[in-house]
Amino acid sequence: MSRPRWVVGVDIGGTNLVAGVVPLEGGEPRALRTQPTLSHRGPEAVVTDVVRMARTAVREVLAEIEGKPEDVVGMGVGCPGPVDRQSGVVIESPNLRWVDYPLRERIEALVDWPVVVDNDANCATYGEWWQGAGKGCSSLVGVIIGTGVGGGFIYEGRIVHGASDGAGEVGHMTLNVSGRRCACGNEGCLEAYASGPAIAARAREGLEAGTESVLTSLVDGVFDDITAATVYEAVVMGDPYATEVMTETAKFLGAGIANLINILNPEAVVVMGGVTRAGDHLFVPLQAEVRRRAFKALVDACRILPARLPESGVVGAAGMMAAGVRSQPTA
């Protein structure tokens with residue numbers, strides 16, 4: 001009987017790094033490691049952390065199953081921003097402040113496995129299609145809310161990458177041509193309204209204008225300490241102002257998702273990230289906004305779902321590498 005084979009998955013986020021080991025045929029990630037990204041240290045420091053985390057996770061899994069190093073067949077890495085998949089170069093990542101960084105080359109110089117690199121949102125979308133909420137769908141859109149707003153599109157079981165590997169940047173669709181400034185330099189992007197930092201910023205603005213809310217006591221009056229997670233906490237506590245902020249966020253997301261449904265006509269849209277913790281406080285007004293803005297026949301054919309996997313990005317990054325390994329002819 002052949003030994004199980006494994007793939008390393010890594011999710012490089014603007015806030016956190018996550019690494020784990022996934023069975024080649026799919027399954028729960030094992031030996032997960034998480035730590036802050038701290039991108040201000042520069043990309044070389046981030047790569048050093050990624051490699052250390054990956055090696056530690058692999059050692060843990062192989063020790064548990066008495067496996068051998070050759071049982072690990074590859075590593076998939078998701079990174080924010082457009083990525084040239086052929087060269088493994090991160091073209092531009094505003095949230096990491098990387099430009100033309102040869103991520104695959106740097107990692108492959110330090111590990112013993114082949115490496116594939118793709119956009120982190122593509123990886124998360126692939127993970128939910130492969131093993132999560134979108135399993136069984138032939139067409140699926142992923143929308144990921146985190147430090148930024150990312151997205152991915154799967155059609156007939158394959159990620160749609162576009163002419164220059166840049167497809168899926170849903171966070172940078174324009175909702176308001178003269179709106180809030182986005183990290184990308186544009187105005188009025190969806191990301192400028194619905195990302196984690198944007199949710200926190202909109203909440204702070206109301207408090208600074210004198211709005212009463214439990215948010216003030218949650219951060220002991222230090223408004224700069226408010227995060228999107230603080231807003232979710234206040235929503236669960238029934239705070240009217242936090243609920244208003246979340247409802248407004250749902251409308252922004254609903255408008256963006258309606259655009260995607262009208263253009264792509266997918267079977268499902270999977271929403272990922274911490275924002276899903278708001279539950280019905282998010283999804284009820286979001287779905288109402290989608291129904292208001294998208295064509296009925298397209299909405300009726302599409303399910304809007306919360307992510308199922310706790311680490312979609314890790315699973316998807318591993319899955320992209322695994323798909324390539326599985327497609328290779330066996331000796």
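Quick notes on this one:
- Boolean, Phe295 is out of contact with any Ser or Thr (no Cβ under 9 Å at 6 or more places or on another chain) and aromatic (Phe, Trp, Tyr): yes
- Per the conditions (1) assigned to a helix (DSSP H, G or I); (2) buried (at least 19 other Cβ atoms within 10 Å of the Cβ), the sole criterion not satisfied by Val269 is (1).
- All conditions but one from (1) surrounded by 13 or more Cβ atoms within 10 Å (Cβ to Cβ); (2) not in a helix (DSSP H, G or I) apply to Gln86; the one that does not is (1).
- Whether a residue is touching a helix residue (DSSP H, G or I) at 6+ places or on another chain (Cβ under 9 Å) and assigned to a strand (DSSP E or B) was assessed, and Leu32 passes this test.
- Scanning the range 123-138 for residues that are in a helix (DSSP H, G or I) and not aliphatic (A, V, I, L, M), we see that the one that is nearest to Arg308 (Cα to Cα) is Glu128.
- Restricting attention to the range 7-45, the residues that are without any contact (Cβ under 8 Å) to a residue 12 or more places away in the chain and in contact with a strand residue (DSSP E or B) (Cβ under 6 Å, 6 or more places away or on another chain) total 0.
- Of the residues making up the range 139-167, those that are in a loop (DSSP other than H, G, I, E, B) and either more than 11 Å from the chain's Cα centre (by Cα) or among the basic types (Lys, Arg) (or both) are Glu156, Gly157, Val160, His161, Gly162, Ala163, Ser164, Asp165, Gly166, Ala167.
- Filter result for the condition that a residue is basic (Lys, Arg), surrounded by 13 or more Cβ atoms within 10 Å (Cβ to Cβ), in contact with a Ser or Thr (Cβ under 8 Å, 6 or more places away or on another chain) and closer than 18 Å to Gly319 by Cα, over Arg97, Arg104: Arg104
- Subset of the range 172-215 (residues that are buried (at least 19 other Cβ atoms within 10 Å of the Cβ), of a type outside the set (A, V, I, L, M) and touching a residue at least 60 places away in the same chain (Cβ under 8 Å)): Gly196
- Verdict on Ala54 being surrounded by fewer than 23 Cβ atoms within 10 Å (Cβ to Cβ), of a type in the set (Gly, Ala, Ser) and part of a helix (DSSP H, G or I): no
- Subset tally (residues that are more than 20 Å from Asp49 (Cβ to Cβ), of a type in the set (D, E, K, R) and free of Cβ contacts under 8 Å to residues at least 60 places away in the same chain) for the range 111-144: 1
- Selection within the range 168-184 - under 21 Å from the mean Cα position of the chain (by Cα) and over 21 Å from Leu140 (Cβ atoms): Thr174, Leu175, Cys182, Ala183, Cys184
- Residue tally, condition of a type in the set (A, V, I, L, M, F, W, C), modelled with pLDDT under 95 and out of contact with any strand residue (DSSP E or B) (no Cβ under 7 Å at 6 or more places or on another chain), over the range 251-282: 2
- Some residue of the range 238-253 being of a type in the set (Ser, Thr, Tyr), without any contact (Cβ under 8 Å) to a residue 12 or more places away in the chain, farther than 25 Å from Pro94 by Cβ and part of a helix (DSSP H, G or I): no
- Scanning the range 1-21 for residues being over 18 Å from Ala121 (Cα atoms), surrounded by 19 or more Cβ atoms within 10 Å (Cβ to Cβ) and out of contact with any Phe, Trp or Tyr (no Cβ under 7 Å at 6 or more places or on another chain) gives a total of 2.
- Of the candidates Gly273, Gly319, Gly279, the single residue that is of a type outside the set (A, V, I, L, M, F, W, C) and not assigned by TED's automatic domain parsing to the domain that holds Ser213 is Gly319.
The values are calculated or read from the model by the stated rules, or taken from the named source; none is laboratory data. The structure displayed is predicted, hence computed values, not measured ones. For neighbour counting, all protein chains shown are included, and Cβ atoms are generated from backbone atoms with ideal geometry for every residue, glycine included.
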